[in-house]
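The values are calculated or read from the model by the stated rules, or taken from the named source; none is laboratory data. What you see is a predicted model; the values in this text were computed from it and never measured. Glycine gets a Cβ as well: all are built from the backbone with ideal geometry, and neighbour counts include every protein chain shown.
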Amino acid sequence: MFDLRKTVLHIVPVLVLILSGCSSFETQDPFYSATVITRADLLSGEALLGDRAKTMTLPEDNVLAVNDDMRAYLERYVPRNYVENTRVRVLARMLFGKGTLGMEYDASQTLTAQEAFKRSEGNCLAFSYLFTAFARERGLKVSFQEVEIPPEWNDAGDELYYYSRHVNVIIQMKEIQNLVIDIDRVNFKPHYRAWRISDKYAVALYYSNKGTDYLFKGDYDNAFRYLAKALELSPKDPAIWSNLGVLYRMKEMYNYSEKSYFIALKYDSQHQSVLSNLSVLYEHMGEIEKSEYYFKLAKSHQLKNPYYRYHQALDSYALGNYDQTLRHLKEALKRQNKEHKFHNLLGETYAKLGDEARSNKALTKAKELLAAQ
């Protein structure tokens, strides 16, 4: 299970950011005089890099750029005179089909469009950049979407967890309904909430991902450069501010870390991973009361997450505690009743409790939802 005592990094491999909404609360006062530190201080890099910050430049990786090799490949497979529907179909076939690019999904690979083309692999971001770049070359109207998939935490070791988000693309069609193109067809479901995001924000996610990759590798200079670039493009994203806070915490610059987290809370005061990261920070500082306070806040929001409750239900079921399983599942279904696996476990639980009628009803619902998806 996910341990809130670990620092949380946001990344976009599979990928989303799920946060429950809810009751208001007041954050405790910062331990340090965090107001003395400004955003400019955090983003200048001077405290972190010293004199090297004076010559530091932010990366410009040309994430959506198309080169001549890509244009030649596109010309070969997707002629300009194809009608819109055919352009979309052939373009998708070009990217996925055997004998052409044959794109392979790899959650760990955040790549530019050009890199994804050269390597024929990448995560959802890399694929979305490549598809968008190609589609626009062929006159298609394409936008990025962020999708609210179930939360996924991947243990990165050394007190770190990756917390995943997800991005795909939507094509605005003239004669038929809009189409969603998603490389991760196993995890994506039509009923997941999705919203359009700007190119600028989509590219910011690339720099944020690369920053967290460098952070995990211990390359703090490049981690800072890429996270600073991400915040230049998306200055109100709490997840990116949180990642910057993790960087400062790992360098034991606790006052800078704390300030980063409080900026993140300004944009989302109930952001679960920021609250968790504050708990970790104060634990490192020996401020146990503050650590417990933010731990409990993060935990209370986690309990409102239907997918977390589902995993709690699985644990209870494995232990044979079927009444507790039901309680978790009922809470999960209040917030998300379109997941077939919730209903399937509900049916199995009722069967264990000897309630055949409710079991059959839940299992039938699970089959209907699975068929619809």
Next item on the list: Select from the range 216-238 the residues that are more than 15 Å from residue 205 (Cβ to Cβ) and either of a type in the set (Gly, Ala, Ser) or part of a helix (DSSP H, G or I) (or both) and list them in ascending order.
Entry: 216, 217, 218, 220, 221, 222, 223, 224, 225
Check: What number of residues in the range 154-178 are at pLDDT below 85, out of contact with any Ser or Thr (no Cβ under 6 Å at 6 or more places or on another chain) and within 22 Å of residue 121 (Cα to Cα)?
Finding: 5
Margin query: Among the residues that make up the range 82-95, is at least one of them over 16 Å from residue 131 (Cα atoms) and either at pLDDT below 95 or part of a loop (DSSP other than H, G, I, E, B) (or both)?
Written below: yes
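For (1) in contact with a Phe, Trp or Tyr (Cβ under 9 Å, 6 or more places away or on another chain); (2) surrounded by 15 or more Cβ atoms within 10 Å (Cβ to Cβ); (3) in contact (Cβ under 8 Å) with a residue 40 or more places away in the chain, each residue gets a yes or a no:
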| site | (1), (2), (3) |
| --- | --- |
| 37 | yes, yes, yes |
| 45 | yes, yes, yes |
| 51 | no, no, no |
| 61 | yes, yes, yes |
| 67 | yes, no, yes |
| 74 | yes, yes, yes |
| 84 | no, yes, yes |
| 87 | no, yes, yes |
| 92 | yes, yes, yes |
Margin query: Looking at 275, 265 in this structure, which one is at negative phi, outside the structural domain of residue 346 (by TED's automatic domain parsing) and surrounded by 23 or more Cβ atoms within 10 Å (Cβ to Cβ)?
Written below: 275
Notebook entry, point to check: Which members of the range 293-325 meet the condition of being in a helix (DSSP H, G or I) and within 16 Å of residue 270 (Cα to Cα)?
Noted result: 293, 294, 295, 296, 297, 298, 299, 300, 301, 302
Next item on the list: Please specify each residue of the range 334-365 satisfying the condition of being under 27 Å from the mean Cα position of the chain (by Cα) and among the aliphatic types (A, V, I, L, M).
Entry: 345
